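Novice: Just dropping this structure here.
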Amino acid sequence: MRQNRPIWVIVWRKAALERVKFGFAESSVERAPNSYKLLGGLEMKAVVLEAYHHPFAIREVEIGDPQPREVTVAVKAVGLCLTDVHIHEGKIPTVKLPLIPGHEFAGVIAKTGSEVKGLRPGDRVVVNIDVTCGSCDHCLRGETNRCSNLIRIGFERNGGMAEYVNVPAANLEPIAPNVSFEKAAILPDAVATTYRAMKTIGEVGPGTKVAILGIGGLGMQGIRIGKLLGAYVACTSRNDEKLEMARDLGADQVINTKRDRFLDVVGKTIGSFDVVIDNIGTPQSVSDAVKACRNGGRVVEVGYVEPVLEAPFYDVVIKEKQILGSRASTRSEFREVVSLVNAGKLDPHIGELIPIDRVNQALQDLKSGKFLTRGVLVLPFS
């Protein structure tokens, strides 16, 4: 992969011109349009993070033509993730400002690069997050989520909180006419990440007893994925509304950890689990996950809060319990998830649909725990 070069994006504010350096250019940074007539150097609206801990700004910026192997996507819906909060707070060290965030999104192809085959304007698509090199040892093994030269859309390069975005054509999957843009938008992270954690890392299958610690944007998807795989699914939360929703989605057991001690309930009911998916990532959740897991079982860590945690090491060694990390999904897993959704076998679960102009209020609502499941920002801008 050749060296990414910086690109200057013009931001119009009142009568003055202000120059803003937007990250990476080659197959990355956008400069944007306002219609499907993408001739280069046209204006669009975008959500921009200009300073950590400060409100997102909605700016008019420019977008250039896509690179030869890129496409320009007209964005229709963007998933709102807790990771967006981490980015907003400056907790992701690889993020450079200013940034157009948004790593979960779907839309319509507006223009294709000169070397793109098999895609055309008007195609409905969802965009995979990871831009990979294709040549490192991990990529050659098919472990694309572990790419040594990984660049993520919405992290190290501009994302989908904009009217348009240029992305590699290789990152696209088609979405069926029966799948809404709002549901398709959350496939790259909320659905595909959970799918990998459960099916690939957890090896969940028919009859597997699974506990999901912490249900929200990812956990709710886990219930439907678990039932699709034929598992017994238990869920935990401190919120009765979330647990009621979990029951409606098919959870076999729900536990309110604000009222009841998780391990006590497990001991009195199911005894132990084959797999525990930890979406919380705190010292308490890691300890509970290991202790609730059967001898030889698997704890899959998806959530992360602190960089260093302790674990019941006696259980890990003597009882051969495994603690496994899981991040995002491989390119093939993402394609598998999209295929399941297109075929109507898996239905992504979404909550509130929020006009993108209200992104700052939506971020505060996400931080305060008001969303029961995955919220989605919808375009156009007002």
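Novice: With respect to G107, determine if the residue is over 27 Å from G281 (Cβ atoms), of a type outside the set (A, V, I, L, M, F, W, C) and either at pLDDT 95 or above or not in a strand (DSSP E or B) (or both). Give the derivation first.
Specialist: Numbers: over 27 Å from G281 (Cβ atoms): yes; of a type outside the set (A, V, I, L, M, F, W, C): yes; either at pLDDT 95 or above or not in a strand (DSSP E or B) (or both): yes.
The answer is yes for G107.
Novice: Could you list, in sequence order, all residues of segment 151-187 that are touching a His at 6+ places or on another chain (Cβ under 9 Å), aliphatic (A, V, I, L, M) and part of a loop (DSSP other than H, G, I, E, B)?
Specialist: From segment 151-187, those touching a His at 6+ places or on another chain (Cβ under 9 Å) are 152-155, 159-160, 183, 186; that's our starting set.
Now restrict to residues that are aliphatic (A, V, I, L, M): 153, 186.
Within segment 151-187, I186 is the sole residue that qualifies.
Novice: Would you point out the residue of segment 282-315, among those that are in contact with a Gly (Cβ under 6 Å, 6 or more places away or on another chain) and modelled with pLDDT of 95 or more, that is farthest from R196 (Cα to Cα)? Explain how you work it out, then say what you get.
Specialist: Of segment 282-315, the ones in contact with a Gly (Cβ under 6 Å, 6 or more places away or on another chain) are 298, 300-301, 303-305.
Applying the additional criterion that residues be modelled with pLDDT of 95 or more yields 298, 300-301.
Details: R298: 14, V300: 10, E301: 12 Å.
Selected residue: R298.
Novice: Which of (1) in contact (Cβ under 8 Å) with a residue 40 or more places away in the chain; (2) outside any helix (DSSP H, G or I) does A192 not meet, given it meets every other one?
Specialist: Unmet for A192, out of (1) in contact (Cβ under 8 Å) with a residue 40 or more places away in the chain; (2) outside any helix (DSSP H, G or I): (2).
Novice: With (1) of a type in the set (G, A, S); (2) modelled with pLDDT of 95 or more; (3) in contact with a strand residue (DSSP E or B) (Cβ under 7 Å, 6 or more places away or on another chain) as the list, and G118 as the residue in question, which single condition is left unmet?
Specialist: Condition not satisfied by G118: (3).
Novice: Quick one: which of I356, I318 is buried (at least 22 other Cβ atoms within 10 Å of the Cβ), farther than 18 Å from I212 by Cβ and either in the same structural domain as C81 (by TED's automatic domain parsing) or modelled with pLDDT of 95 or more (or both)?
Specialist: Working: I318 fails: buried (at least 22 other Cβ atoms within 10 Å of the Cβ).
On inspection, the qualifying residue turns out to be I356.
Novice: So E115 clears everything in (1) touching a residue at least 60 places away in the same chain (Cβ under 8 Å); (2) outside any helix (DSSP H, G or I); (3) assigned by TED's automatic domain parsing to the domain that holds D365 except one condition, right? Which one?
Specialist: (1)
The values are calculated or read from the model by the stated rules, or taken from the named source; none is laboratory data. Bear in mind the structure is a predicted one, so any value in this text is a computation, not a measurement. Positions of Cβ are backbone-derived with ideal geometry, glycine not excepted, and every protein chain shown enters the neighbour counts.
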